Amino acid sequence: MAWFRAVSSVAKLAVRRRNLVQVGLYTTRTTRVPVWQNRFLHSTSFSPKAQAATSPVPRPVPLSRLTDSFLDGTSSVYLEELQRAWEVDSSSVDKSWDNFFRNFVGQAATSPGISGQTIQESMRLLLLVRAYQVNGHMKANLDPLGLEEREIPEDLDPALYGFTEADLDREFFLGVWKMAGFLSENRPIQTLRAILTRLEQAYCGSIGYEYMHIADREKCNWLRDKIETPTPRQYNQQRREVMLDRLTWSTQFENFLATKWTAAKRFGLEGGETLIPGMKEMFDRSADLGVESIVIGMSHRGRLNVLGNVVRKPLSQIFSEFTGGTKPVNDVGLYTGTGDVKYHLGTSYDRPTRGGKRIHLSLVANPSHLEAVDPIVVGKTRAKQYYSNDTDRTNNLGVLIHGDGSFAGQGVVYETLHLSALPNYTTGGTIHIVVNNQVAFTTDPQAGRSSQYCTDVAKALNAPIFHVNGDDLEAVVHACELAAEWRQTFHSDVVVDIVCYRRFGHNEIDEPSFTQPKMYQIIRSHPSALEIYQKKLLESGQITQEDINRIQNKVNSILNEEFMKSKDYVPKRRDWLAAYWSGFKSPEQISRVRNTGVKPEILKTVGKAITTLPDTFKPHRAVKKIFELRRQMIETGEGIDWAVAEALAFATLLVEGNHVRLSGQDVERGTFSHRHSVLHNQETGEKYCPLDNILLNQNEEMFTVSNSSLSEFGVLGFELGYSMENPNSLVIWEAQFGDFANGAQVIFDQFLSSGESKWLRQTGLVVLLPHGYDGQGPEHSSARMERFLQVICLFVVNL
């Protein structure tokens, strides 16, 4: 920010003058009062105690009491001296300072009613504005239950900056800077009361914004402009009717299940029902901005509601599964699949949007390992972008729905976040929605994380975070729409933290009062989000009670109709599988594997291409020798080793038009210095991939070999998700050593070994587990092959 850089310059210049000008560590300002609350805006006077504490007589205040020391002591004196010199002769100061004083002091001095504004007041006023931008979220009304106790930061108190109640209706010059938000409105003069009111509305309402940790000025200004827009969020009657209808569906769906299946576990969404209209509005906005396909991953809480109301899985099918209906059938009419609990299943659907477009939604199946699906969703999204030639990454979007406890506690969340900007893993940004119950099963936040918010891990990625009160439907909708706009504008991750509650226990059979008695005493008498929104619309006069009754009757009528249909429901096809897998046979249906060999002359042609280096390329002398030996292997057909055979396999697949992707830790060179699929010019550091000779002018991603981040769980999940999209490709993950695979055991156990039998989900992923018994011990080399053999045996039994 321009003003902040200017103020920082003051601090630096003041330090240089410290040896020339001897000054004290005190400055004059009024003694501060208690943290400023809403009473400061709306009261006509302070309390007697506060009045006594805010005597207009200047008093010395220790430097440590001020949040920004460069406004005191040496720097304030220097700034005032510089200002006096400028007033005498503007050409005597640097041009940048001339512009600074013209903006601040020059205009302030010529503006009626504010001639008494000092340079220190100007700077402190800007610091007050910045304090709200940085810490306003700490004062926002986020907890619908009112249980959270947060200490309001001292820097949100105007008295800390020397302002008193007498200053409320005094006009101040803010300065005309090239900044977003209300500082850019061409209204440089405002009363302190108007400024504070605006800051409270923008930063301390039902949404708390965290974005000032982002270093990019353009991004911060974009958000400021959105957040500090003077007109508050306003939705017309039609939009509000749509939101009411969607919230009614979300609420009545849970009520219907609770009535029909009182003893069934469903991990309902009660207390967080605004997630459904929020997601719908997010998807509608995303479609308006060019998104055509969305891949969704989430754990079990609210999953049935998302399946039925967002992804549009047939309600009759959901109800049939509750009553133990028929298992799914495959494309050739054979019953198959061991199945899984209802709240782990997935589906896909082409959904119409409010704007008249259609968007493809797919919800990925997920086991009870809450966040294990995260990298799979991101990998599947990346694959969709490849196969649809979405090079700008604007048409395919990944959306992840987390719990507050798992987002802070599961390491795979961090592993997945750190894939977001890596060249061969980025998807152009993922939208993260946290359904923040404020309790994880029975664990309070104080015992479940070390940070202020469960979302603090996302700050490492410079992702903006929007905390929103889950009882305020329109605030949830606004935050979700803003997240969609951010993602499509800046192609990076963004987090929406919906602070809500869990009306019942971890599941509907659990008794939550055992561990959270105070919370559930409040919850029992707390109105639902639907009741709150209905009351708001009735009071505004935009909706009548007849309108509310009409919507509720319509929803209940459809739910009952679908319940009757569920009794005769028989699934016909695997409608939630990726289209590319249609007709792809399961292993038990395959009688023989086709011959994949190629003619010797083809091998020699591609072999020559991948062993020939450009004359201008300067490889390491050892690598040069390796490639000379490989050239001899191709010419003679003798002594071909693993690395050459692998390269020939890749090359011939590429010639046939197949996509090949290899990733893992250090796979470009190979852990054992054997692969050398990417070479480095020893003089310039330039990279060269011999297999690129095969591609000619084809898609540069057709062959991808990439050193991954130092992650097994996250990267294996990514490649698994990538491989699920299309069977006509070779997707490989290589563990650096055999035992490294053990770090990704959840992916092996929950997705690779059981995915098809549980969810009819097929994959063509190839896993390489190198063994190098070179003195590093058996544990370092062993991938526990007995576990893989057991998986094979279990799979045969399942057949």
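Test residue 153 against the criterion of being modelled with pLDDT of 90 or more and either in contact with a Pro (Cβ under 9 Å, 6 or more places away or on another chain) or not assigned by TED's automatic domain parsing to the domain that holds residue 517 (or both), and give yes or no. Talk me through it step by step, then tell me what you get.
Numbers: modelled with pLDDT of 90 or more: yes; either in contact with a Pro (Cβ under 9 Å, 6 or more places away or on another chain) or not assigned by TED's automatic domain parsing to the domain that holds residue 517 (or both): yes.
The answer is yes for residue 153.
Only residues that are under 11 Å from the mean Cα position of the chain (by Cα), closer than 16 Å to residue 224 by Cα and assigned to a strand (DSSP E or B): list them for segment 451-500, please.
465, 466, 494
Looking at this structure, is residue 356 over 19 Å from residue 659 (Cα atoms) and without any contact (Cβ under 8 Å) to a residue 40 or more places away in the chain?
The answer is yes for residue 356.
For segment 740-772, enumerate the residues that are assigned to a helix (DSSP H, G or I) and over 19 Å from residue 411 (Cα atoms).
752, 755, 756, 757, 758, 759
Which one of these does residue 592 not meet: (1) assigned to a loop (DSSP other than H, G, I, E, B); (2) out of contact with any Leu (no Cβ under 9 Å at 6 or more places or on another chain); (3) at pLDDT 90 or above?
That leaves (3) as the condition not met.
Got a number for residues in segment 703-745 being at pLDDT below 90, within 14 Å of residue 663 (Cα to Cα) and among the polar types (S, T, N, Q)?
Total meeting the criteria: 1.
If a residue has to be surrounded by fewer than 23 Cβ atoms within 10 Å (Cβ to Cβ) and either assigned to a helix (DSSP H, G or I) or touching a Phe, Trp or Tyr at 6+ places or on another chain (Cβ under 9 Å) (or both) to count, how many in segment 258-268 make the cut? So that I can check it myself, show each step before the final result.
The initial filter retains those residues of segment 258-268 that are surrounded by fewer than 23 Cβ atoms within 10 Å (Cβ to Cβ), namely 258-265, 267.
Keeping just the survivors that are either assigned to a helix (DSSP H, G or I) or touching a Phe, Trp or Tyr at 6+ places or on another chain (Cβ under 9 Å) (or both) gives 258-261, 264-265, 267.
Within segment 258-268, residues that are surrounded by fewer than 23 Cβ atoms within 10 Å (Cβ to Cβ) and either assigned to a helix (DSSP H, G or I) or touching a Phe, Trp or Tyr at 6+ places or on another chain (Cβ under 9 Å) (or both) number 7.
Conditions (1) among the hydrophobic types (A, V, I, L, M, F, W, C); (2) at pLDDT below 85, marked per residue:
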site	(1), (2)
304	yes, no
311	yes, no
316	no, no
325	no, yes
328	no, yes
332	yes, yes
344	no, yes
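Specify the residue that is surrounded by the fewest Cβ atoms within 10 Å (Cβ to Cβ); the eligible residues are those in segment 517-546 that are assigned to a loop (DSSP other than H, G, I, E, B) and out of contact with any helix residue (DSSP H, G or I) (no Cβ under 9 Å at 6 or more places or on another chain).
Among residues in segment 517-546 that are assigned to a loop (DSSP other than H, G, I, E, B) and out of contact with any helix residue (DSSP H, G or I) (no Cβ under 9 Å at 6 or more places or on another chain), the one surrounded by the fewest Cβ atoms within 10 Å (Cβ to Cβ) is 525.
Would you say residue 248 is surrounded by fewer than 18 Cβ atoms within 10 Å (Cβ to Cβ) and among the hydroxyl-bearing types (Ser, Thr, Tyr)?
no
For residue 760, which of the numbered conditions (1) surrounded by 15 or more Cβ atoms within 10 Å (Cβ to Cβ); (2) at pLDDT 75 or above fails to hold?
Result: residue 760 fails condition (2) only.
Among the residues that make up segment 453-469, is at least one of them among the acidic types (Asp, Glu), under 30 Å from residue 350 (Cβ atoms) and at pLDDT 95 or above?
Looking for residues that are among the acidic types (Asp, Glu), under 30 Å from residue 350 (Cβ atoms) and at pLDDT 95 or above, one finds none in segment 453-469, hence no.
Identify all residues within segment 236-263 that are within 22 Å of residue 140 (Cβ to Cβ) and modelled with pLDDT under 90; write none if there are none.
none
Any idea how many residues of segment 163-174 are modelled with pLDDT under 90 and either over 12 Å from residue 117 (Cα atoms) or outside any loop (DSSP other than H, G, I, E, B) (or both)?
Residues that pass the stated criteria total 3.
Just name the residue that is modelled with the highest pLDDT out of those in segment 202-235 that are closer than 26 Å to residue 273 by Cβ and either aliphatic (A, V, I, L, M) or over 25 Å from the mean Cα position of the chain (by Cα) (or both).
So the residue we want is 207.
What pairs can you find where one residue is in segment 682-696 and farther than 16 Å from residue 661 by Cα and assigned by TED's automatic domain parsing to the domain that holds residue 669, the other is of a type in the set (Val, Ile, Thr) and in a loop (DSSP other than H, G, I, E, B), and their Cβ atoms are less than 7 Å apart, with a gap of 6+ or different chains?
687/678
Listed here are the residues, each with its yes/no results for (1) among the hydrophobic types (A, V, I, L, M, F, W, C); (2) crowded, with 24+ Cβ neighbours inside 10 Å.
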{"residue": "354", "(1), (2)": "no, no"}
{"residue": "367", "(1), (2)": "no, no"}
{"residue": "377", "(1), (2)": "yes, yes"}
{"residue": "381", "(1), (2)": "no, yes"}
{"residue": "387", "(1), (2)": "no, no"}
{"residue": "397", "(1), (2)": "yes, yes"}
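If I filter segment 561-570 down to residues being more than 37 Å from the chain's Cα centre (by Cα) and part of a helix (DSSP H, G or I), which single residue comes out as nearest to residue 500 (Cα to Cα)?
For segment 561-570, the residue satisfying everything is 561.
Which condition number does residue 731 fail, the rest of (1) surrounded by 20 or more Cβ atoms within 10 Å (Cβ to Cβ); (2) over 18 Å from residue 596 (Cβ atoms); (3) within 32 Å of the chain's Cα centre (by Cα) being met?
Checking residue 731 against (1) surrounded by 20 or more Cβ atoms within 10 Å (Cβ to Cβ); (2) over 18 Å from residue 596 (Cβ atoms); (3) within 32 Å of the chain's Cα centre (by Cα), the one that fails is (2).
Of all residues in segment 491-505, which are buried (at least 19 other Cβ atoms within 10 Å of the Cβ) and either under 30 Å from residue 460 (Cα atoms) or at pLDDT 95 or above (or both)?
Across segment 491-505, the qualifying residues are 492, 493, 494, 495, 496, 497, 498, 499, 500, 501, 502.
Being assigned to a helix (DSSP H, G or I), among the charged types (D, E, K, R) and at pLDDT 90 or above: is that true of residue 630 here? First the steps, then the outcome.
Numbers: assigned to a helix (DSSP H, G or I): yes; among the charged types (D, E, K, R): yes; at pLDDT 90 or above: yes.
The answer is yes for residue 630.
Please state which of the following conditions residue 185 fails to meet, knowing it meets all the rest: (1) at pLDDT 80 or above; (2) more than 26 Å from the chain's Cα centre (by Cα); (3) more than 30 Å from residue 544 (Cβ to Cβ); (4) surrounded by fewer than 21 Cβ atoms within 10 Å (Cβ to Cβ).
Here residue 185 clears every test but (1).
Inspect all residues belonging to segment 414-422 and state whether any of them is at pLDDT 95 or above, out of contact with any helix residue (DSSP H, G or I) (no Cβ under 8 Å at 6 or more places or on another chain) and in the same structural domain as residue 293 (by TED's automatic domain parsing).
Yes, segment 414-422 contains at least one residue that is at pLDDT 95 or above, out of contact with any helix residue (DSSP H, G or I) (no Cβ under 8 Å at 6 or more places or on another chain) and in the same structural domain as residue 293 (by TED's automatic domain parsing).
Within segment 406-428, is there a residue that is in contact (Cβ under 8 Å) with a residue 12 or more places away in the chain, surrounded by fewer than 24 Cβ atoms within 10 Å (Cβ to Cβ) and part of a strand (DSSP E or B)?
Scanning segment 406-428, I find no residue that is in contact (Cβ under 8 Å) with a residue 12 or more places away in the chain, surrounded by fewer than 24 Cβ atoms within 10 Å (Cβ to Cβ) and part of a strand (DSSP E or B), so the answer is no.
The values are calculated or read from the model by the stated rules, or taken from the named source; none is laboratory data. As the structure is a computational prediction, the values presented were derived from the model and not from experiment. Note that each Cβ is placed from the backbone with ideal geometry, even for glycine, and that neighbours are counted across all protein chains shown.
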